1. If a residue must be closer than 30 Å to Trp111 by Cβ and out of contact with any helix residue (DSSP H, G or I) (no Cβ under 8 Å at 6 or more places or on another chain), how many such residues does the stretch 43-68 contain?
2. Can you confirm whether Ala319 is under 22 Å from Tyr31 (Cβ atoms), open to solvent by 50 Å² or more (accessible area, probe 1.4 Å), modelled with pLDDT of 95 or more and not basic (Lys, Arg)?
3. Name the strands (runs of 3 or more DSSP E) wholly within the stretch 236-285 that hold at least 3 residues that are touching a Gly at 6+ places or on another chain (Cβ under 6 Å)?
4. Looking at Glu193 and the list (1) out of contact with any Pro (no Cβ under 9 Å at 6 or more places or on another chain); (2) farther than 29 Å from Val109 by Cα; (3) at pLDDT below 95, which single condition is not satisfied?
5. Select, from Thr271, Thr287, Thr315, the only residue that is closer than 22 Å to Arg206 by Cβ and either hydroxyl-bearing (Ser, Thr, Tyr) or out of contact with any helix residue (DSSP H, G or I) (no Cβ under 9 Å at 6 or more places or on another chain) (or both).
6. Considering each of Gln275, Gln180 in turn, give the residue that is touching a residue at least 60 places away in the same chain (Cβ under 8 Å) and under 30 Å from Leu143 (Cα atoms).
7. Examine the stretch 33-54 for a residue that is in contact (Cβ under 8 Å) with a residue 12 or more places away in the chain, assigned to a loop (DSSP other than H, G, I, E, B), surrounded by 17 or more Cβ atoms within 10 Å (Cβ to Cβ) and not assigned by the TED database to the domain that holds Asp251, and state whether such a residue exists.
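The values are calculated or read from the model by the stated rules, or taken from the named source; none is laboratory data. Please read these numbers as outputs of a predicted model, since none were measured by experiment. Ideal geometry is used to build each Cβ from the backbone, glycine not excepted, and the neighbour counts take in all protein chains shown. For accessibility, only protein heavy atoms count, side chains too; no ligands or nucleic acids. Shrake-Rupley method; radii C 1.70, N 1.55, O 1.52, S 1.80 Å.
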Amino acid sequence: MSVLARSLDESDDDFLAQAEPYRRELLAHCYRMTGSLHDAEDLVQETFLRAWKAYDKFEGKSSVRTWLHRIATNTCLTALEGRQRRPLPTGLGAPSSNPTDELVERAEVPWLEPLPDPANDPSEIVGSRESIRLAFVAALQHLSPRQRAVLVLRDVLQWRAAEVAEAIGSSTPAVNSLLQRARAQLDAVGPSEDDQLSAPESPEAREQLARYIAAFEDYDIERLVTMFTDEAIWEMPPFVGWYQGGPAIGDLIHHNCPASGAGDMRLLPLTANGQPAAAMYMRLPDTGGRHVPFQLHVLELRPGGVSHVVAFLDTSLFAKFGLPEVL
């Protein structure tokens, strides 16, 4: 139960009944705007508090869903004032790194975070999968907050320009101008539309993910290397380097993975951002033989192999994904 729900009395049950069904899509909306799961959760809570305080003034001129998204958008815009964008290592502008070089960590950078898929029904996100893909959310970070808001409201939520203008306190011509610039910027930095990506629920993706997990658990780097496409990319915030191609990725793992052999790593399959994913647990010398959270991998899978892995080292994400503290 949310903090808001606990703070309301029975007279506010109508508000909760009207608003609660939209919590998940509001979380996705705030996540697209901020690139942070932690921030998105806080902003949804703030949205519900603002909406609750204003509910007696809600006249029903729009749907509750539209009203809540309007509040959430402005809550996000306020929160984003003066904040840095959240990149992935590939978005920093540097060329691919040498896998044998020393890793460089920048913990002060507000890195992009992954988004858990609904545990009860992953099909809920199928219709909006492209709009929560990690590559798309990373591309949104190159836009200004207002460009981001306009593009998401127009192209993801399919609002009319006049509705967007009213929501953000602007004019329709200004919204159209912001949208045009946002689309051009996104075309320059964003992912191309690609029907070759494997959906996480497909038999092919499940089989690929199972083989990926088995290769890690067997500590079989040679087998793992063969699973990557020629142009595959590996990145792992908060380290700034990124690596391209199976051989380079294999060298990186060989030189930097703390595992010493088969059994040191265990991986649990899951989905994140509408993509196949896996939670990696590592058995380390000081963990008493237990496997503890280590990395959370979000993958892009294609018929030719694994084309992209973002391995997040922020272990606080494990709790957000409902994962166990130890195996």
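1. Qualifying residue count for the region: 0.
2. Here the answer is yes, as Ala319 does meet what is asked.
3. Passing ranges: none, list empty.
4. (2)
5. Numbers: Thr287 fails: closer than 22 Å to Arg206 by Cβ; Thr315 fails: closer than 22 Å to Arg206 by Cβ.
On inspection, the qualifying residue turns out to be Thr271.
6. From the options Gln275, Gln180, the qualifying one is Gln275.
7. yes
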